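Heads up, the thing below is written out as structure tokens.
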Amino acid sequence: MKAVLSIAGSDSSGGAGIQADLKTMTVHGVFGMTAITALTAQNTTGVTAIQESTPEFLEQQIDACLSDIPADAVKIGMLPSSAQVEVVAKKLREYKVKNLVVDPVMVATSGSKLMKDSTASVMANLLFPISTVITPNIPEAEALLGKTIANKNQMEEAAKALSKEYGCSVLIKGGHSIEDACDVLFDKGQVSWFETTKIDNPNTHGTGCTLSSAIASNLALGFDLKESVKNAKEYITSTISDGLDLGKGSGPLNHMV
Ligand code: PLP
């Protein structure tokens, strides 16, 4: 069985973070492992508390996993501190990890900060150059580039600019900020658009985590990047379109469809 490691935060409500990652990996038929960067107390309405893992304890979790079961892909999500980023970069190099998907998680949909401001550039400099693909949404791509993205043309230019700067492939997720559910991939000089029509369901908590885990699972299974993104997008669409409606806020996806 293929194995995938998620280095990410825990969402107590089970909709995002490592809980979404493990559900996604299980449905994809790969074996999910985790190295937890932070515990969050949260539900569908927001995050009430965050308890970070020390860099040392994060390192111990990664060592425990990768010294025993090699990963066919690694997905990185919430990484609050620069010290954690440094440990993760060191470990990924040490274990010569392939198929690395980095979701540069900065702020939750509910508005809570999941990363310190100073961590973004450290993550970009240390992790992007060793990743297979990075998966920023529009606000994250804007923060990384320091300019606004207002249309599909600018999305494409932003993907090219990030790819050039960091030497990795880039998937920018349009969500509903530009046009309905349009994502652009810049991979080895080629632009690919992935578009679906808007699904009328406000319950989208954990979509970013789920998408990056689905891409990592597909890469682990041997699909190339473009095929992995296409499959992952189809998976996300089915989990949203089920219409699950749990909690008082933006509810989770249904992985059991
Ligand atoms: N909580 C954790 C632990 C996460 O890793 C993430 C996103 O990656 C979120 C919350 C945010 O999820 P969303 O913005 O989909 O609500």
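The values are calculated or read from the model by the stated rules, or taken from the named source; none is laboratory data. Quick caveat, the model's predicted, so the values are computed rather than measured. All Cβ positions, even for glycine, are placed from backbone atoms using ideal geometry, and neighbour counts span all protein chains on display.
Below is a table of values for the structure above.
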quantity: Residues of region 14-29 satisfying the condition of being among the charged types (D, E, K, R) and either near the ligand (Cβ under 10 Å from one of its atoms) or within 13 Å of the chain's Cα centre (by Cα) (or both); calculated: 21
quantity: Among (1) under 16 Å from residue 16 (Cβ atoms); (2) more than 16 Å from the ligand (Cβ to nearest atom); (3) not hydroxyl-bearing (Ser, Thr, Tyr) - the single one residue 115 does not satisfy; calculated: (2)
quantity: Failed item, numbered, when residue 6 is tested on (1) more than 10 Å from the ligand (Cβ to nearest atom); (2) under 22 Å from residue 68 (Cα atoms); (3) among the polar types (S, T, N, Q); calculated: (1)
quantity: Every residue from region 138-151 that is exposed (fewer than 15 other Cβ atoms within 10 Å of the Cβ) and either among the charged types (D, E, K, R) or touching a residue at least 40 places away in the same chain (Cβ under 8 Å) (or both); calculated: 147
quantity: Residue identified as touching a strand residue (DSSP E or B) at 6+ places or on another chain (Cβ under 7 Å) and crowded, with 17+ Cβ neighbours inside 10 Å among 192, 213; calculated: 213
quantity: In region 182-222, the residues that are more than 22 Å from residue 100 (Cβ to Cβ) and not aromatic (Phe, Trp, Tyr); calculated: 182, 195, 196, 197, 198, 199, 200, 201, 202, 203, 204, 205
quantity: Top-ranked residue of region 59-83 - restricted to ones that are touching a strand residue (DSSP E or B) at 6+ places or on another chain (Cβ under 6 Å) and within 24 Å of residue 42 (Cα to Cα), ranked as surrounded by the fewest Cβ atoms within 10 Å (Cβ to Cβ); calculated: 61
quantity: Some residue of region 199-210 being aliphatic (A, V, I, L, M) and at pLDDT 95 or above; calculated: no
quantity: Any hit, region 126-136, residues being among the small types (Gly, Ala, Ser) and part of a helix (DSSP H, G or I); calculated: no
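To keep it simple, each residue is scored yes or no on (1) part of a loop (DSSP other than H, G, I, E, B); (2) of a type outside the set (Lys, Arg); (3) within 24 Å of residue 142 (Cβ to Cβ).
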position	(1), (2), (3)
33	no, yes, no
41	no, yes, no
49	no, yes, no
80	yes, yes, yes
86	no, yes, no
90	no, no, no
104	yes, yes, yes
